[in-house]
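A short worksheet on the structure shown next.
The values are calculated or read from the model by the stated rules, or taken from the named source; none is laboratory data. Just so you know, these numbers come straight off a predicted model, no measurement behind them. Methodologically, a virtual Cβ is constructed for each residue, glycine included, from the backbone with ideal geometry; neighbour enumeration extends over all protein chains shown. Calculation scope for accessible area: heavy atoms of the full protein, side chains included, ligands and nucleic acids excluded. Shrake-Rupley method; radii C 1.70, N 1.55, O 1.52, S 1.80 Å.
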Amino acid sequence: MKLIIGNKNYSSWSLRGWLAAKQSGIGFEEITVPMLGEQWENRKQSDDFQPSSGKVPILWDGDNVIWDSLAIMEHLADKVGRDRFWPKDEAARGMARSMVAEMHSSYPSLRSDMPMNVRRRIQLQNVSEQTRADIVRILGLWAEARARHGDAGPFLFGTFGAADIFYAPIVSRFLTYGIGVPGFAQSYMQAIWEHAWMEEWIGASESEEWVIEQYETVGS
């Protein structure tokens, strides 16, 4: 398998696709293409980018190409067994699927106001009402998942799975912009941040030399 991703410091959807590939347990070649520069524009015209219209992540599994993080995760779950990604309990699985779908399709204000920037630390001022509502909604979902289905471990549904893959970039955003969260959320965020795969991603992010200025001035 071959996974094409963008900058690890900035690309939240790449992080989701990468974590899904890691969770699958299948070996894969990782290709990072720095976003928004000349190399990015040239690479977008290449054959391996064309199926996604120039968006990342893109997974090539032999001749099979899958783009979009959720589609990639579902493809991998079909290959290795869905229990590796989704809770076995029916009620937990239904909630996890709903949370993943909501993350995939919602929170446009938070995404715009708080772009992922793993390396940066800033106290965000003047959080918009809609972004604040997005934060409250996410924290509420985390609280419900942990309370109802989190007994088996520190992650949303106990063990690391699909919901954690999709909310990991939110953890990064909350840390970057100094969002205050209650104690249970701090514990969950610490578990995500200290996960071995996240530590690998964070280390690579810190080693990247590419800088996207428009993402560095948010909140300044």
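State whether the residues of segment 186-199 include one that is touching a strand residue (DSSP E or B) at 6+ places or on another chain (Cβ under 9 Å) and modelled with pLDDT under 95.
no
Name the helices (runs of 4 or more DSSP H) wholly inside segment 54-125 in which the number of residues that are small (G, A, S) is 3 or more.
Because the criterion is at least 3 residues that are small (G, A, S), the helices (runs of 4 or more DSSP H) in segment 54-125 that meet it are 69-80, 90-105.
Being surrounded by fewer than 21 Cβ atoms within 10 Å (Cβ to Cβ), touching a strand residue (DSSP E or B) at 6+ places or on another chain (Cβ under 7 Å) and at pLDDT 95 or above narrows it down to one of H149, H104, so name that one.
H149
For segment 176-197: of the residues being more than 25 Å from R148 (Cα to Cα) and part of a helix (DSSP H, G or I), which is least open to solvent (accessible area, probe 1.4 Å)?
Here the residue is T176.
Out of the residues in segment 152-175 that are in a loop (DSSP other than H, G, I, E, B) and surrounded by fewer than 20 Cβ atoms within 10 Å (Cβ to Cβ), which is modelled with the lowest pLDDT?
Looking at residues that are in a loop (DSSP other than H, G, I, E, B) and surrounded by fewer than 20 Cβ atoms within 10 Å (Cβ to Cβ), I get A152.
Among the residues of segment 49-76, what is the count of those that are without any contact (Cβ under 8 Å) to a residue 60 or more places away in the chain, open to solvent by less than 30 Å² (accessible area, probe 1.4 Å) and not β-branched (V, I, T)?
The total comes to 6.
Can you confirm whether L141 is among the aliphatic types (A, V, I, L, M), assigned to a loop (DSSP other than H, G, I, E, B) and either open to solvent by 10 Å² or more (accessible area, probe 1.4 Å) or out of contact with any helix residue (DSSP H, G or I) (no Cβ under 9 Å at 6 or more places or on another chain) (or both)?
no
Please name all residue pairs, on different chains or six or more residues apart, with Cβ atoms under 6 Å, provided the first residue is in segment 180-202 and is under 21 Å from R119 (Cβ atoms) and in contact (Cβ under 8 Å) with a residue 40 or more places away in the chain and the second residue is of a type in the set (K, R) and in a helix (DSSP H, G or I).
W197/K22
Name the residue that is nearest to Y167 (Cα to Cα), counting only residues in segment 198-217 that are in a helix (DSSP H, G or I), open to solvent by less than 40 Å² (accessible area, probe 1.4 Å) and out of contact with any Lys or Arg (no Cβ under 7 Å at 6 or more places or on another chain).
Once the filter is applied, the top-ranked residue is M198.
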